[in-house]
Amino acid sequence: MNAHAPIAATECGVAVRAERGQRAVFCGLTGIVWLHRKIQDAFFLVVGSRTCAHLIQSAAGVMIFAEPRFATAIIDERDLAGLADMNEELDRVVTRLIERRPDIRLLFLVGSCPSEVIKLDLSRAALRLSQRLAPAVRVLNYSGSGIETTFTQGEDACLAALVPALPETAATRDLLVVGALADVVEDQFTRLFSDLGIAARFLPARRADQMPAVGRGTRFLLAQPFLADTARALEERGAHRIAAPFPLGAEGTTAWLHAAAEAFGVDGRRFETVTAPGLRRARQALAAHAEKLAGKRVFFFPDSQLEVPLARFLAREMGVELIEIGTPYLHRAHLAAEIDWLPGGTPVVEGQSLDDGLDRCRAARPDLTVCGLGLANPLEAEGLTTKWSIELLFTPIQGYEQAGDLAELFARPLVRRARLEV
Ligand code: SF4
């Protein structure tokens, strides 16, 4: 079978191609690392194997220093052999957890490869436990399994699970911003929207009882490009998406804010007055890194689904030359504005076969390769300079005040390599 689908050229001349084959990405459990920090009274109980527990502990353990709000209920050999009643065991684990941690208001049962393989019905378990623990604790479920998913889909699945539980509203005044953002970024956007006269609410909220309401008049703006299921769930509740690029870099942030301003009828002069100081600071911060990045050739392996907006930022604001943008999934509607902004002829590969991608990357010898952790070490050993794409999820990068940090994340490995060569 031919693993390569035909190339589809978009109107702007960007060549989008789908490829199939082996991939090297983390599973959706990884999203717990940033989600458990974001929703401060939530707990994520992974129903999985020891491998799942190790993944979460090592991914989160080295990145955070707070009391963990995640754990793994281990499915062992007895469970896999069908010798134990998994539902009874799960109820026992959850009861013990809630007794020990009365601060938990929202409990996510997170499915994994093993729980999917043994077909454990976590939605029924969540319903049963929710009824038992209401009103103090709400129990929801989603899958973070690595079967056919990539790591940012964990956030998408988590937020999509929240949507049916959001309160109903008929109000049309508020803007709903969708996607987990660092608190500092959320506070900056709240201030900017407020100066524009727009009351913004965020999904997810920081606490379970502050989740935003949604209804037929709700207009929402995606803050992350990997929220296909969440957007669909919101649309099923009657909400409308405001089409926009993503708030990465000075230009992306301005266009993102502008899309909301237009939807809410904000006067053009007011928009300029509110955004000008941030835009100026962002441009100044970017200028400090321009020399290090301009003219550098960059290759993206598919990993986080942030690849297209990041590549657009690097090409348009930092003068980078894009060799190839691999992305695990390409939501053509959500990314339409981003694709329009890519330089004509940029190859965009959805899916990507790992071996073919590696061949092309090695042949191109890029100045910088953006890839997952698993590929970074071998490519560094071959003399290529790499950037871990997962770092872009753990670092606040959206908005004007973070634009300089975003550029620096890409400049840093180049500077390090230059020093090593000297
Ligand atoms: Fe591995 Fe699957 Fe568990 Fe992820 S969910 S850690 S891919 S077994």
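The values are calculated or read from the model by the stated rules, or taken from the named source; none is laboratory data. Here the structure is a predicted model, which is why all the values come from computation and not from measurement. Here the Cβ is made from the backbone with ideal geometry for all residues, glycine too, and neighbour counts use every protein chain on show. Accessible surface areas use protein heavy atoms only, side chains included; no ligands, DNA or RNA. Shrake-Rupley method; radii C 1.70, N 1.55, O 1.52, S 1.80 Å.
What to note about this one:
- Extension gain, Ala418 back to Asp340 (0.36 nm per residue minus Cα-Cα distance, nm): 24.7 nm
- Accessible surface, 1.4 Å probe, highest first, among residues Arg50, Arg269, Arg132: Arg269, Arg50, Arg132
- Sum of side-chain charges, Ala182 neighbourhood, beta-carbon under 14 Å (Lys, Arg +1; Asp, Glu -1): -4
- Residue-averaged [θ]222 nm for the chain, counting only DSSP H segments that reach four residues, each worth -39500 (n - 2.57): -13500 deg cm²/dmol
- Straight-line cross-link partners of Lys119 among the lysines, defined as a Cα under 18 Å from its Cα and at least 8 positions apart when in the same chain, are absent.
- Among the protein heavy atoms of segment 87-148, carbon and sulfur supply 52% of the accessible surface, probe 1.4 Å, non-protein parts ignored.
- Cα shape, the chain, gyration tensor, a/c 1.5 rule: oblate
- Relative contact order for segment 114-157: 31 percent, from Cα pairs under 8 Å spaced at least 6 residues apart, divided by residue count.
- In order along segment 160-176, the phi-based Karplus estimate (6.51 cos²θ - 1.76 cosθ + 1.60, θ = phi - 60°) of 3J(HN,Hα) comes to 4, 5, 6, 4, x, 8, 6, x, 8, 9, 9, 5, 10, 6, 8, 9, 9 Hz; Gly and Pro are listed as x.
- Note on Asp187/Asp85: beta-carbon distance plugged into 1/(1 + (r/R0)^6) with R0 of 30 Å gives a FRET efficiency of 0.05.
- Of all DSSP beta bridges confined to the chain, the antiparallel ones make up roughly 10%.
- Neighbours of Leu392 by Cβ distance under 13 Å: Lys/Arg scored +1, Asp/Glu scored -1, total -3.
- Working from label points 7 Å from Cα in the Cα-to-Cβ sense, the Thr172 to Arg269 distance is 2.7 nm.
- Listed residues Asp367, Asp156, Asp209, most fluctuating in the chain (Gaussian network, C-alpha, under 10 Å): Asp209
- Percent RCO, i.e. relative contact order, over the chain, from Cα pairs under 8 Å lying at least 6 residues apart: 18 percent
- Area accessible to solvent at Asp359, 1.4 Å probe radius, in Å²: 90 Å²
- Sites Arg365 and Gln131, calculated FRET efficiency, Cβ-Cβ separation with R0 60 Å, nearest 0.05: 0.50
- Most mobile listed residue (Gly295, Gly351, Gly111) in the chain, GNM with C-alpha springs under 10 Å: Gly295
- Segment Asp76-Ala333, length gained on full extension (0.36 nm per residue, minus Cα span): 88.3 nm
- Within the listed set Gly154, Gly265, Gly48, the Gaussian network model of the chain (springs between alpha-carbon atoms below 10 Å) gives the highest mean-square fluctuation for Gly265.
- Long-range HN-HN contacts of Leu175 with modeled amide H, under 5 Å: Ala199, Ala200, Arg201
- Across segment 305-378, the relative contact order, built from alpha-carbon pairs under 8 Å that are at least six residues apart, equals 31 percent.
- The residues of the chain have, on average, 43 Å² of accessible surface per residue, using a 1.4 Å probe with all protein chains present.
- Surrounding net charge for Ala136, when Lys and Arg each add one and Asp and Glu each subtract one, Cβ distance under 12 Å: 0
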